[in-house]
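Structure first, then comments.
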Amino acid sequence: MPRSTILVIDDEPNILSTVKRALEVEGYSVETAGNGATGLAKLAEHDIDLVLLDVMMPGEGGLDVLPKIRAAHADVMVVMMSGNATVETAVQATKLGAHDFIEKPVTGEKLELTVKNALEFGRLSRENARLRARAQAEHSIVGRSPIMKAIYDKIAKTAPTSGRVLVTGENGTGKELVARALHDQSKRAKGPFVKVNCAAIPSELIESELFGHEKGSFTGATKDRRGKFEQADGGTLFLDEIGDMNPSAQAKVLRALQEGELERVGSTETIKVDVRVIAATNKDLAAEIAAGRFREDLFYRLNVVPIEMPPLRARKDDIPALIEHFLAIACARDDRRVKRMTPGAVTLMMQHDWPGNVRELKNVVERMVILTGDNDQLGEADVRDALPRVQPVKGSYEAGTPFKDLVAAAERDIILAALDAHDHHVSNTAKDLQLERSHLYKKMRALGIDHRAGTEEPE
């Protein structure tokens with residue numbers, strides 16, 4: 001494990017030498033500075049993990065230097081040192097971003113413990129930020145196609161309201177991501193987000209799962225238990241696959257929606273709850289209502305704002321961006337360098353119909369990342385290994401191939417050949433093809449030739 005580097009800023013040479021010696025004995029790498037300006041310069045030059053900063057220094061004091069450190073190096077822990085500390089000074093330092101406060105004279109044991117705790121806190125903070133960033137990436141919706149832009153607009157308008165939402169779409173299209181986006185952009189964002197997969201819970205247990213139960217209410221109920229509605233109080237309850245819920249549970253959910261109250265299984269006590277319900281299903285609820293399997297009144301309660309997630313085959317121009325997104329996630333998870341997929345490989349991926357939708361695409365990308373080992377680039381051969389039945393469509397007549405696919409394949413071949421001829425310089429390629437650069441970017445995006453094309457602004 002690499003040594004942590006500590007910067008000590010103090011105007012007293014004796015303090016600098018004493019603290020430096022004590023920390024080096026403990027195995028730390030130590031830099032010293034006699035004033036704030038020198039300290040800030042060393043922060044810019046070295047990879048510093050912790051700063052020990054004296055409060056009282058001639059000219060620019062520690063409380064003047066502290067905000068500059070926090071502004072330029074927000075992830076660096078700062079511990080203040082003072083020989084005549086007051087409560088007011090400690091409070092002010094904390095408000096300015098100091099992690100801790102240590103009094104002079106700095107003893108070995110106190111110094112060691114303070115430094116160890118500050119470094120551990122910094123490590124945990126960075127790890128937490130990394131995990132939060134990864135979770136946020138995994139829960140983000142990706143796509144710039146017109147159909148997705150319309151969904152983003154609907155989410156933005158609906159999220160701040162209390163309106164219920166029914167999300168429909170095939171398996172793997174990202175219905176849960178919509179529910180999380182609605183929660184994260186709502187006034188309930190700081191409250192809980194509780195998910196229930198109605199299809200995964202046995203019908204005899206669904207009521208207990210949703211509404212809780214009292215001890216002894218049925219065999220196995222050894223203690224009182226809060227249900228998902230109570231757990232989601234003040235937040236959002238996501239009822240996934242609600243089309244699989246049994247009629248008895250549907251009736252209780254309807255009551256909870258209408259009156260904002262429920263009763264646990266085995267109890268007559270009424271419990272008030274404040275929950276926003278978002279439901280999702282891959283079923284045709286109109287057909288389920290007609291067959292008598294789903295309550296029509298519950299459908300209308302849930303379907304205040306309908307959002308339909310399209311299958312991936314209906315938004316293939318989003319595939320390049322999705323590939324790049326999932327490559328970044330899969331590589332980060334395994335601490336690998338980020339891999340790239342060649343334009344030809346992306347084009348081949350776009351030939352697949354993706355019956356499993358975005359979930360299938362994510363799994364295929366993850367599989368390729370794992371099986372290609374240390375290779376930095378994923379090519380067409382890797383795609384064929386992952387999707388053996390996918391074959392590139394040729395830009396010439398082929399019996400049974402739709403005309404639009406033949407035209408798209410021909411356009412891909414032409415643009416790829418032109419890009420190769422111009423060393424992938426897009427402006428020169430556009431000029432040679434007598435196209436506006438913005439039009440070529442749009443065409444490349446639609447054909448999946450260069451999944452990074454959309455990150456540049458056309459001139």
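Throughout, read-outs are computed from the coordinates displayed, never taken from laboratory work. Computed from a predicted structure; not experimentally measured. Every residue, glycine as well, gets a Cβ built from its backbone with ideal geometry; the counts of neighbours run over all protein chains shown.
Give the Debye-formula value of log10 I(q)/I(0) at each listed q (0.14, 0.19, 0.20 Å⁻¹), with one equal scatterer per alpha carbon of region 271-415, two decimals each. Cα-only, vacuum Debye calculation for region 271-415: -0.81, -1.08, -1.15.
If you look at the Cα atoms of region 66-171, you get an Rg and a Dmax of 23.0, 67 Å. Measuring how big the chain is from its alpha-carbon positions, Rg and Dmax come out at 29.7, 88 Å. Only helices enter the 222 nm calculation for the chain: every DSSP H run of n ≥ 4 contributes -39,500 (n - 2.57), and dividing by all residues gives -14000 deg cm²/dmol, rounded to 500.
Expressed in units of 2.2 N^0.38 Å, where N is the residue count, the Cα radius of gyration of region 146-310 is 1.03. The fewest-to-most ranking of LEU111, LEU52, LEU124, LEU96 by surrounding Cβ atoms within 10 Å reads LEU124, LEU96, LEU111, LEU52.
Please return the longest range in the chain lying between exposed loop sites, taking trypsin sites (Lys or Arg not before Pro), DSSP loop only, at most 14 other beta-carbon atoms within 10 Å, and leaving the sites out. In short, 4-143. For the residue pairs LYS149/LYS190; LYS190/LYS215; LYS223/LYS252; LYS404/LYS442; LYS316/LYS443; LYS190/LYS228, the C-alpha atoms sit more than 24 angstrom apart in LYS149/LYS190; LYS190/LYS215. Here's the list of lysines a cross-link from LYS20 could span, going by alpha-carbon distance under 25 Å and ignoring same-chain residues fewer than 8 apart: LYS42, LYS68, LYS104, LYS110, LYS116. Looking at region 43-108, the GluC sites (Glu not before Pro) that sit in a DSSP loop and have at most 16 other Cβ atoms within 10 Å of their own Cβ are GLU60.
Applying a DSSP loop filter and a limit of 16 other Cβ atoms within 10 Å to the chymotrypsin sites (Phe, Trp or Tyr not before Pro) in region 153-223 leaves PHE218.
Among CYS331, CYS198, the ranking by other beta carbons within 10 Å of each residue's beta carbon, starting with the fewest, stands as CYS331, CYS198.
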